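The values are calculated or read from the model by the stated rules, or taken from the named source; none is laboratory data. Predicted model only: the values in this text are computed from it and were never measured. Neighbour counts run over all protein chains shown; Cβ positions are idealised from the backbone, glycine included.
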(Lines give C-alpha, C1' and ligand atoms only; values in the text may rest on other atoms or scores of the structure.)
Protein backbone atom coordinates (compact mmCIF):
# COMPACT_ATOMS: atom_id res chain seq x y z
CA UNK A 1 0.00 0.00 0.00
CA UNK A 2 1.35 3.47 -0.81
CA UNK A 3 2.07 5.96 1.90
CA UNK A 4 -0.88 8.19 2.92
CA UNK A 5 0.32 11.22 0.95
CA UNK A 6 0.15 9.23 -2.30
CA UNK A 7 -3.31 7.74 -1.77
CA UNK A 8 -5.16 10.78 -3.08
CA UNK A 9 -6.44 11.00 -6.63
CA UNK A 10 -4.43 14.17 -7.18
CA UNK A 11 -1.37 12.01 -7.80
CA UNK A 12 -1.01 10.81 -11.39
CA UNK A 13 -0.38 7.08 -11.60
CA UNK A 14 1.85 5.38 -14.16
CA UNK A 15 2.39 1.64 -14.45
CA UNK A 16 6.09 1.03 -14.97
CA UNK A 17 7.73 -2.23 -15.89
CA UNK A 18 10.89 -2.81 -13.84
CA UNK A 19 14.02 -4.69 -14.98
CA UNK A 20 12.93 -7.60 -12.77
CA UNK A 21 9.85 -8.00 -15.02
CA UNK A 22 7.43 -6.69 -12.41
CA UNK A 23 4.82 -4.04 -13.06
CA UNK A 24 4.75 -1.44 -10.30
CA UNK A 25 2.82 1.81 -9.90
CA UNK A 26 4.80 5.03 -9.78
CA UNK A 27 3.10 8.17 -8.51
CA UNK A 28 3.84 11.39 -10.35
CA UNK A 29 2.90 14.91 -9.48
CA UNK A 30 0.56 16.66 -11.86
CA UNK A 31 1.76 19.41 -14.14
CA UNK A 32 1.56 22.86 -12.54
CA UNK A 33 -0.48 25.68 -13.99
CA UNK A 34 1.03 28.01 -16.56
CA UNK A 35 2.82 31.09 -15.29
CA UNK A 36 0.71 34.23 -15.69
CA UNK A 37 1.52 37.89 -16.25
CA UNK A 38 1.31 39.98 -13.07
CA UNK A 39 -0.45 42.84 -14.87
CA UNK A 40 -2.87 41.35 -17.42
CA UNK A 41 -3.11 37.75 -16.09
CA UNK A 42 -2.48 36.20 -19.50
CA UNK A 43 -0.30 33.04 -19.62
CA UNK A 44 3.39 33.70 -20.20
CA UNK A 45 4.61 32.06 -23.38
CA UNK A 46 8.26 31.32 -22.70
CA UNK A 47 7.97 29.77 -19.21
CA UNK A 48 7.83 25.94 -19.27
CA UNK A 49 5.23 24.04 -17.24
CA UNK A 50 7.58 22.12 -14.98
CA UNK A 51 7.88 21.53 -11.27
CA UNK A 52 10.40 23.73 -9.43
CA UNK A 53 12.92 20.90 -9.03
CA UNK A 54 12.88 20.28 -12.78
CA UNK A 55 13.16 23.99 -13.62
CA UNK A 56 16.28 24.30 -11.44
CA UNK A 57 17.96 21.56 -13.50
CA UNK A 58 17.26 23.35 -16.80
CA UNK A 59 19.69 25.91 -18.21
CA UNK A 60 18.72 29.52 -17.61
CA UNK A 61 18.07 30.19 -21.29
CA UNK A 62 15.37 27.49 -21.29
CA UNK A 63 13.68 28.76 -18.11
CA UNK A 64 12.62 32.18 -19.32
CA UNK A 65 12.85 34.68 -22.17
CA UNK A 66 15.96 36.82 -22.50
CA UNK A 67 14.60 40.21 -21.39
CA UNK A 68 14.23 41.96 -18.05
CA UNK A 69 11.31 40.86 -15.85
CA UNK A 70 10.48 38.04 -18.29
CA UNK A 71 9.14 35.66 -15.65
CA UNK A 72 6.82 38.31 -14.23
CA UNK A 73 5.36 40.34 -17.13
CA UNK A 74 4.41 39.50 -20.70
CA UNK A 75 6.18 41.39 -23.49
CA UNK A 76 3.31 43.81 -24.12
CA UNK A 77 2.86 44.79 -20.46
CA UNK A 78 6.60 45.17 -20.00
CA UNK A 79 6.73 47.46 -23.02
CA UNK A 80 4.03 49.72 -21.57
CA UNK A 81 5.72 49.77 -18.15
CA UNK A 82 9.02 50.85 -19.70
CA UNK A 83 7.33 53.51 -21.82
CA UNK A 84 5.46 54.94 -18.84
CA UNK A 85 8.61 55.07 -16.75
CA UNK A 86 10.39 57.01 -19.52
CA UNK A 87 7.50 59.44 -20.04
CA UNK A 88 7.07 60.16 -16.32
CA UNK A 89 10.67 61.27 -15.82
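Does residue 72 satisfy the condition of being in contact with a helix residue (DSSP H, G or I) (Cβ under 8 Å, 6 or more places away or on another chain) and either surrounded by 12 or more Cβ atoms within 10 Å (Cβ to Cβ) or not in a helix (DSSP H, G or I) (or both)? Give the steps one after another, and end with the answer.
Working: in contact with a helix residue (DSSP H, G or I) (Cβ under 8 Å, 6 or more places away or on another chain): no; either surrounded by 12 or more Cβ atoms within 10 Å (Cβ to Cβ) or not in a helix (DSSP H, G or I) (or both): yes.
Spelling it out, it is not the case that residue 72 is in contact with a helix residue (DSSP H, G or I) (Cβ under 8 Å, 6 or more places away or on another chain) and either surrounded by 12 or more Cβ atoms within 10 Å (Cβ to Cβ) or not in a helix (DSSP H, G or I) (or both).
Within segment 46-68, take every residue that is out of contact with any helix residue (DSSP H, G or I) (no Cβ under 8 Å at 6 or more places or on another chain) and in a loop (DSSP other than H, G, I, E, B) and give me the one that is nearest to residue 2 (Cα to Cα).
Residues of segment 46-68 that are out of contact with any helix residue (DSSP H, G or I) (no Cβ under 8 Å at 6 or more places or on another chain), as a first pass: 46, 49-54, 56-62, 64, 66.
With in a loop (DSSP other than H, G, I, E, B) added as a condition, the list becomes 46, 49-51, 58-59, 64, 66.
Values: 46: 36, 49: 27, 50: 24, 51: 22, 58: 30, 59: 34, 64: 36, 66: 42 Å.
The residue in question is 51.
Of all the criteria given as (1) in contact with a strand residue (DSSP E or B) (Cβ under 6 Å, 6 or more places away or on another chain); (2) surrounded by 12 or more Cβ atoms within 10 Å (Cβ to Cβ), the one not satisfied by residue 64 is (1).
Any residue that is outside any loop (DSSP other than H, G, I, E, B), exposed (fewer than 10 other Cβ atoms within 10 Å of the Cβ) and at pLDDT below 90 - is there at least one of those in segment 24-40? It would help to see each step written out before you state the result.
At the first step, the residues of segment 24-40 found to be outside any loop (DSSP other than H, G, I, E, B) are 24-28, 36.
Retained after the next criterion (residues that are exposed (fewer than 10 other Cβ atoms within 10 Å of the Cβ)): none.
Within segment 24-40, not a single residue is outside any loop (DSSP other than H, G, I, E, B), exposed (fewer than 10 other Cβ atoms within 10 Å of the Cβ) and at pLDDT below 90.
Within segment 41-61, track down each residue that is surrounded by fewer than 11 Cβ atoms within 10 Å (Cβ to Cβ), more than 30 Å from residue 14 (Cα to Cα) and modelled with pLDDT of 90 or more. Residue satisfying the conditions is 41 alone. All of 88, 66, 21 fail the test of being on the phi > 0 side of the Ramachandran plot and either modelled with pLDDT under 90 or over 12 Å from the mean Cα position of the chain (by Cα) (or both), apart from 21.
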